[in-house]
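Report on the following structure.
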Amino acid sequence: MGVTVHTRVNGQPIEREIEARQLLVYFLRDELGLTGTHVGCDTSQCGACTVWLDGRAVKSCTVLAAQVDEHEVTTVEGLAETVPEAQRIEGLHPVQAGFWEKHGLQCGFCTPGMMMTAAELLANSERLSQQEIREALEGNICRCTGYQDIVDAVAFAAEKMGVSVERDVTASI
Amino acid sequence: MGTDWFRPISLEEALELRMTYPDAYLLCGATHLMTQPRTALSQYTRFIDLSRVEQLYGCHTEECVIQVGAAFSYARAADFLASTVPAVAQACRSVGTPQVRNKGTLGGAVALSLPNADLPPALLAVGAEVVLTSTVGSRVLPIEAWVCEPSQTSLQPDEIITALRFPRDQGPQAYHRLGRRAAFCFPEVAAAIAIDATLPSPYVRIAMTVGTGAFRLLHAEQFATEALSMMGTEPPEEIGMEFYGIVEETLAAHSAEIPEVVRTSAAAVAVRTLQEVWSDGDHL
């Protein structure tokens, strides 16, 4: 028996009949063509598949698509629209702009998940330390950058969004 | 084979489904099921998704007790309990990654009662209670009566975990864990200590997990309680050394399978946790 799912993805109403065991990440990629969400480890380890469910970051490889019925999903394709237009930088969410400005990526595979996690942190913070940025990203693995540029990218975005960041030179991931 | 997916919107509906399909997998956040090998998912043909049952999100505060719904996520519980039941809040903050804490629930943690998870020692140390509801009514079980064996609980086939109850504002509490990368691994060892300062003479409750299950350390509790009553709010260094020895001995007696390096690490974590709660003199 299939399961009917009514959801909103990046603001668009979606209705689909799905198999109950289908993972959210495959629903997004294969059914909706939103391939910005990456499948990394498929075991909740790497965080490349992070999306928002009702504004909170979750790993879409460990959420069943059936669980998002009557909930709202945001993927990296819809990230910019989660901030007011005045906060966008050339149409990008400040976090996306930060990754661009601070070279927060090399291969880019982890980047969508990193950005979705970081954007949730900034959406719910008024003040942050560098250590708190690193702790918030503990569920996301990057094999290329060594993380410092990613932290710098998030700090850049924080400044643009009015979130103050205390520098902590001893912070390490 | 087809799969049935049920989405009850009330507790009454959920309990009826539970009675009708006792073999169905109950889920809310599903963070544990979904991190198991995919074969685990295929073992079940019926799922009851409890995430829409409004009664599971309720919370209320009584004079000495705070009750939170079983569908509270770890993230929400960490915020909600931060000042009233800090050891549980700290344990919630230590679970998995931020993404897991946003989705995983207290009820799920209690239902699974994984022997080496973050929550069990904290629940034991603070004296939590589990509220179970069936179609005939509710019952409240102390957490110590809840876990029979690792991963085997007192949940009856017609029951659903509806809430957790905690004594509130009892005194200083702390939780510390030690393990590999915290975001992806259960703790190798963890200690939770709660001082009940509401009693005429404060009592120290101590619970630990060393990977084989969470349990209270009664001998260490007696020692710490007596030391606290004699020494006041500044724990002398020699108390820490003696406490270290008692914890290590207790763990050795608890199971011969606990390696020495784990025992000594666990004892060090226990000392650190005791020092933290003991030094919180404002509450004593």
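The values are calculated or read from the model by the stated rules, or taken from the named source; none is laboratory data. Just so it is clear, the structure is predicted and the values come from calculations on it, not from any experiment. Virtual Cβ from ideal backbone geometry, glycine too; neighbours counted across all protein chains shown. The accessibility values were calculated without ligands, DNA or RNA, using every heavy atom of the protein model including side chains. Shrake-Rupley method; radii C 1.70, N 1.55, O 1.52, S 1.80 Å.
Interface size, chains B and A: roughly 2600 Å² of accessible area buried, both sides included, 1.4 Å probe, rounded to the nearest 100. The equivalent ellipsoid that matches the C-alpha gyration tensor of region A:80-166 spans semi-axes of 18, 15, 11 angstrom, in descending order.
Considering chain B at the alpha-carbon level, its Rg and Dmax are found to be 19.3, 66 Å. Partner shielding of B:25-37 amounts to 3, given as the average count of beta-carbon atoms from other chains within 10 Å of each residue beta-carbon. Entry for region B:4-51 at q = 0.30 Å⁻¹: log10 I(q)/I(0) = -1.15, Debye formula applied to identical alpha-carbon scatterers, no solvent contribution. Summed over the residues of region B:111-201 and divided among them, the accessible surface reaches 39 Å² per residue at a probe radius of 1.4 Å.
For A:LYS160, the lysines whose Cα comes closer than 20 Å to its Cα, not counting residues fewer than 8 places off in the same chain, are A:LYS102.
Can you return the lysines within cross-link range of A:LYS59? Criterion is Cα-Cα under 18 Å, with same-chain partners fewer than 8 residues away left out. Partners within reach: B:LYS103. Compared with the dominant principal axis of the Cα atoms in chain B, helix B:260-279 is inclined by about 80°. Shape class of region B:173-283 from the Cα gyration tensor (axes a ≥ b ≥ c, square roots of the eigenvalues): prolate, since a/c reaches 1.5 or more and a/b is larger than b/c.
Split the accessible area of the protein assembly as shown by element, probe 1.4 Å, and carbon with sulfur accounts for 50%. The angle separating the long axis of helix B:237-254 from the principal Cα axis of greatest extent in chain B is about 50 degrees. Placing unit charges on each Cβ (+1 for Lys and Arg, -1 for Asp and Glu) gives region B:4-51 a dipole about its Cα centre, and among B:PHE47, B:TYR21, B:PRO37 the Cα reaching farthest toward its positive end belongs to B:PRO37. Comparing the full protein assembly with the isolated chain (1.4 Å probe, heavy atoms, ligands and nucleic acids excluded), the residues of region A:28-73 losing at least 50 square angstrom of accessible area are A:THR62, A:LEU64, A:GLN67.
Would you work out if region B:178-217 is rounded, prolate or oblate? Take a ≥ b ≥ c from the square roots of the eigenvalues of the alpha-carbon gyration tensor; rounded if a/c is under 1.5, else prolate when a/b is larger than b/c, oblate otherwise. It comes out prolate by the Cα gyration axes. Here the relative contact order of chain B, from alpha carbon pairs under 8 Å that lie six or more residues apart, stands at 16 percent. Phi-derived couplings, Karplus 6.51 cos²θ - 1.76 cosθ + 1.60 at θ = phi - 60°, listed residue by residue for region A:88-100: 6, 10, 6, x, 9, 5, x, 5, 4, 5, x, 5, 5 Hz, with x used for Gly and Pro.
Peptides B:91-100, B:216-225, B:201-210 ordered by packing proxy, namely the average of other Cβ atoms within 10 Å per residue, highest first: B:91-100, B:201-210, B:216-225. With N counted as the residues of the protein assembly as shown, its alpha-carbon radius of gyration over 2.2 N^0.38 Å works out to 1.02. Largest first, the three principal axis extents of the alpha carbons in region A:15-107 are 41, 28, 21 Å in whole numbers. For region B:67-212, just say rounded, prolate or oblate: build the C-alpha gyration tensor, square-root its eigenvalues into a ≥ b ≥ c, call rounded for a/c under 1.5, and beyond that prolate if a/b exceeds b/c, oblate if not. Rounded.
Remark: chain A carries 44 Å² of accessible area per residue (probe radius 1.4 Å; ligands, DNA and RNA excluded).
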